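J.: Input: one structure, supplied below.
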Amino acid sequence: MSLITTYTPYIPLILFAGFLLNALFGSRFFSRQAVTAAGVGSSLTAFALVITVFVGFLSRHDHSPVIIPLFTWIQAGTFTVNAALRIDALSLVMMLVVTGVGTIIHLFSVGYMAGDKGYARFFAYMNLFMFSMLVLVMADNVMLMFLGWEGVGLCSYLLIGYYYDKEYAAKAANKAFIVNRIGDAGFILGMFFLFSVFGTFDFEAIKNALAAAPIARELATVITLLLFVGAVGKSAQLPLSIWLPDAMAGPTPVSALIHAATMVTAGVYLIARLNFLFVLSPFTMTVIAIIGALTALAAATVAVKQTDIKKVLAYSTISQLGIMFTAMGVGAFSAGIGHLITHAFFKALLFLAAGSVIHMLHHEQDIRKMGGLKKFMPLTFAAFFIGTFTLAGAPFCSGFFSKDEIIFLSLTATQGHWAFTAVLLLTSGLTSFYIFRVLFAVFFGAPRDGGHNTAVKEAPAVMWLPLMILTVGAITAGYLMLPKMFGQNVLDTFLHSVLPQSTLQPRFEDSESLFGLSGLMALLSFTAFLIGCYAAYRRYIVRAAVPFGIEKAKGFAGLLVHAYHFDAFLNAVVVIPLMGIGAVCKNVFDGTVFYGFSQLTAATYISFSKKMRRLQTGVLTDYTLAFTASIVVLVAAVLIVVMNTAR
């Protein structure tokens, strides 16, 4: 047996074992050290096994997928669904991100959650999430993927509502769970259509069937649009993006792992995994690109006016996911996955650095009450500084390579359009502004809010060491995606066996014009970075004496502060009417029709039983008379039947 088939099944199982240990024994029987060993140890072991499998995959002569069958999951007549794991280039990339970044965040959590009474419960949930996420990305069929899909949704609900005794956390958890059900409904319908057309859920079988006999474009559009609804819900794209900012109610490590680096990218992964199906519908691809671009721009504008440090990063995550969806929509699948990788590193870095600040400021999240922290928290400052430059797309940082490739392909790819490029460039400028705004407001200038920040000190080593590790990844990950003019795009080459290369429009196929256009796009992106950085510098460094409170919050600025009132709009247009319909159903149908029918039925039976009860007199002669009459009637009936038969 190869390394791949030997070790692959143990990767998710080890994490599930970590979940069981802490869930069943952690809070009652384990010490904190034992809880840490079970939680962090299972994650670290899974990461080591993923690296082992990755090395085994690279040692093979080809990069064809390896299928590891486990057992028959569902058997009903001829309908069969097997539980099988799939190891290919795409699943391995996702496994490395999930277990690698996940292990670093687990380590950070040891310090961040040190004084929390639910320490064991927290690590149990985190291990269960990583198990579910691995099932999602390792699944060999849509049904098993959906199991992982629902699993990460459940864990998201549990971890957003981790502080269940706080009303806002409980409401945020319910909101995330309910909004995601809308997306999941689309996913389920898409699955039903897939099975009705192909008779299977297996990825390879569907791909082979399409290669043998492509389906009608209209049918492909219906299926892919339904699946895209699922992706929109899970990845917080418009109009189902309202749950992610509220999800910041959970602990900061949760925000870093689930709501920045891994779970919210599941929608991007879904499209990439079923790319052979999505490319059959140019209409769906265009819809994906439009939704992605609009989400990227809208979320970036909202982030500009947020004052909660986690809310800024939440809207930033929505915006960056929009960029990934734009890449998927124009057919730049490899570029989208590349940005997913770099985003996992720099956004986890930013969230954990923000968590370090929040932790040392006794859970203060308002950037208006911070300032001057670089002298008190130099390591955290260095981490956030690098994360800022990477997110903003500074040259030679990972975000520069991954985002610029998407901007370039948004114009030159077959599904590309100059409007997408313009939106992404504007988004880049806004991204630079809002993240430098946070950097300057939190770490530069004088301490605000009465100077209480002066008592702050650097976070413990168990918290800053993970930041340093993520810093290395945030800087270097982008070099896997070097433009072809500088050498080989390693990631694109590795993913070639799973993801098709981007097809360019005929007018851009000339190598000389392509080289010049690539340079122009890089220059425009760099210009957007400089403009955003300079604007933030002018406002929050040069004019630092102007308090945050004086910033205008009326007109368009007020719209940004309240996220265009989109949440309130959906509440008024969707939630309140549905609750009204529910009230009508409760009062009219449930309270009157169904309740009245049940009461009428009960009253009828009671009345009938009262009349029947009169026959039970308790007198022996009455019973004898009734028995004799019954015998007479029975004999008479038999005689009548016999006489009729004789005739």
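The values are calculated or read from the model by the stated rules, or taken from the named source; none is laboratory data. None of the values given here were measured: they were computed from a predicted structure. In this analysis, Cβ positions are derived from the backbone assuming ideal geometry, glycine residues included, and neighbour counts consider all displayed protein chains.
J.: Can you list residue pairs whose Cβ atoms sit under 7 Å apart, with the first residue in the stretch 440-463 being within 13 Å of PHE376 (Cβ to Cβ) and in the same structural domain as PHE389 (by TED's automatic domain parsing) and the second being modelled with pLDDT under 75 and buried (at least 20 other Cβ atoms within 10 Å of the Cβ)? Count only pairs 6 or more apart in sequence or on different chains.
T.: That search, which allows pairs on different chains as well, returns PRO447/ASN453.
J.: To continue, here is another question. Could you grab me the full set of residues in the stretch 64-85 that are part of a loop (DSSP other than H, G, I, E, B) and in contact (Cβ under 8 Å) with a residue 60 or more places away in the chain?
T.: Initially, the stretch 64-85 is screened for residues part of a loop (DSSP other than H, G, I, E, B), giving 64-65, 77-78.
Within the stretch 64-85, SER64, PRO65 meet the criteria.
J.: To continue, here is another question. Of all residues in the stretch 387-439, count the ones that are in a helix (DSSP H, G or I), over 24 Å from the mean Cα position of the chain (by Cα) and aliphatic (A, V, I, L, M).
T.: Final tally of qualifying residues: 8.
J.: Another question, then. Please pick out the residue among PHE436, PHE401 that is closer than 26 Å to ILE341 by Cβ, in contact with a helix residue (DSSP H, G or I) (Cβ under 6 Å, 6 or more places away or on another chain), of a type in the set (Phe, Trp, Tyr) and at pLDDT below 90. Full working, then the answer.
T.: Numbers: PHE436 fails: at pLDDT below 90.
Going through PHE436, PHE401 in turn, the sole match is PHE401.
J.: Identify all residues within the stretch 134-154 that are in contact with a Gly (Cβ under 9 Å, 6 or more places away or on another chain) and more than 18 Å from ILE182 (Cβ to Cβ); write none if there are none.
T.: Once the filter is applied, which keeps residues that are in contact with a Gly (Cβ under 9 Å, 6 or more places away or on another chain) and more than 18 Å from ILE182 (Cβ to Cβ), the stretch 134-154 yields LEU134, VAL135, LEU136, VAL137, MET138, ALA139, VAL142.
J.: Could you tell me whether any residue of the stretch 216-228 is of a type in the set (D, E, K, R) and within 30 Å of VAL81 (Cα to Cα)?
T.: Within the stretch 216-228, the subset of a type in the set (D, E, K, R) is 217-218.
Remaining after also requiring within 30 Å of VAL81 (Cα to Cα): 217-218.
Checked against the condition, which is being of a type in the set (D, E, K, R) and within 30 Å of VAL81 (Cα to Cα), the stretch 216-228 yields at least one hit.
J.: How many residues are among the hydroxyl-bearing types (Ser, Thr, Tyr), in contact with a Phe, Trp or Tyr (Cβ under 9 Å, 6 or more places away or on another chain) and farther than 20 Å from GLY100 by Cβ if we restrict to the stretch 3-55?
T.: Looking only at that region, the number is 1.
J.: Can you pull out every residue in the stretch 1-12 that is of a type in the set (A, V, I, L, M, F, W, C), free of Cβ contacts under 8 Å to residues at least 60 places away in the same chain and not in a loop (DSSP other than H, G, I, E, B)? Walk me through how you get there before you give the answer.
T.: Step one: filter the stretch 1-12 for residues of a type in the set (A, V, I, L, M, F, W, C), giving 1, 3-4, 11.
Retained after the next criterion (residues that are free of Cβ contacts under 8 Å to residues at least 60 places away in the same chain): 1, 3.
Scanning the stretch 1-12 gives a single hit, LEU3.
J.: Going through GLY473, GLY399 one at a time, which residue ends up being at negative phi and surrounded by 23 or more Cβ atoms within 10 Å (Cβ to Cβ)?
T.: Values: GLY473 fails: surrounded by 23 or more Cβ atoms within 10 Å (Cβ to Cβ).
The conditions single out GLY399.
J.: Please work out which residue is surrounded by the fewest Cβ atoms within 10 Å (Cβ to Cβ), limiting yourself to the stretch 71-86 and to residues that are farther than 22 Å from GLY100 by Cα and under 26 Å from the mean Cα position of the chain (by Cα).
T.: Our first condition is that a residue be farther than 22 Å from GLY100 by Cα; within the stretch 71-86, this holds for 71-84.
With the extra rule that they be under 26 Å from the mean Cα position of the chain (by Cα), the set shrinks to 73, 81-84.
Numbers: TRP73: 14, VAL81: 19, ASN82: 18, ALA83: 18, ALA84: 18.
Only one residue fits best here, namely TRP73.
J.: Something else: Being part of a helix (DSSP H, G or I), surrounded by 10 or more Cβ atoms within 10 Å (Cβ to Cβ) and modelled with pLDDT of 80 or more: is that true of VAL588 here?
T.: Values: part of a helix (DSSP H, G or I): yes; surrounded by 10 or more Cβ atoms within 10 Å (Cβ to Cβ): yes; modelled with pLDDT of 80 or more: no.
No: the conditions fail for VAL588.
J.: Hey, another quick one. Would you mention how many residues in the stretch 374-386 are surrounded by fewer than 24 Cβ atoms within 10 Å (Cβ to Cβ) and not in a helix (DSSP H, G or I)?
T.: Adding up the residues that qualify gives 1.
J.: Can you report the number of residues in the stretch 15-45 which are farther than 9 Å from ASN127 by Cβ and either part of a helix (DSSP H, G or I) or touching a residue at least 60 places away in the same chain (Cβ under 8 Å) (or both)?
T.: Step one: filter the stretch 15-45 for residues farther than 9 Å from ASN127 by Cβ, giving 24-37, 40-41, 44-45.
Subsequent filtering for residues that are either part of a helix (DSSP H, G or I) or touching a residue at least 60 places away in the same chain (Cβ under 8 Å) (or both) retains 24-30, 32-37, 40-41, 44-45.
The total comes to 17.
J.: Do we have any residue at all in the stretch 194-207 that's closer than 21 Å to LYS310 by Cβ and part of a helix (DSSP H, G or I)? Before you say what the answer is, go through the steps one by one.
T.: Taking the stretch 194-207 and keeping what is closer than 21 Å to LYS310 by Cβ, we get none.
Checked against the condition, which is being closer than 21 Å to LYS310 by Cβ and part of a helix (DSSP H, G or I), the stretch 194-207 yields no hits at all.
J.: Can you confirm whether the stretch 603-626 contains a residue that is among the basic types (Lys, Arg) and within 49 Å of the chain's Cα centre (by Cα)?
T.: no
J.: Among the residues of the stretch 195-203, is any surrounded by 18 or more Cβ atoms within 10 Å (Cβ to Cβ) and among the charged types (D, E, K, R)? Don't jump to the end; show me each part of the working.
T.: If we filter the stretch 195-203 for residues that are surrounded by 18 or more Cβ atoms within 10 Å (Cβ to Cβ), which is where we start, we get 198, 200-203.
Add one more test, that the residue is among the charged types (D, E, K, R), and what stays is 202.
Yes, that holds for at least one residue.
J.: Which condition does GLY371 not pass, out of (1) part of a loop (DSSP other than H, G, I, E, B); (2) touching a helix residue (DSSP H, G or I) at 6+ places or on another chain (Cβ under 7 Å); (3) at negative phi, if it passes all the others?
T.: Unmet condition: (3).
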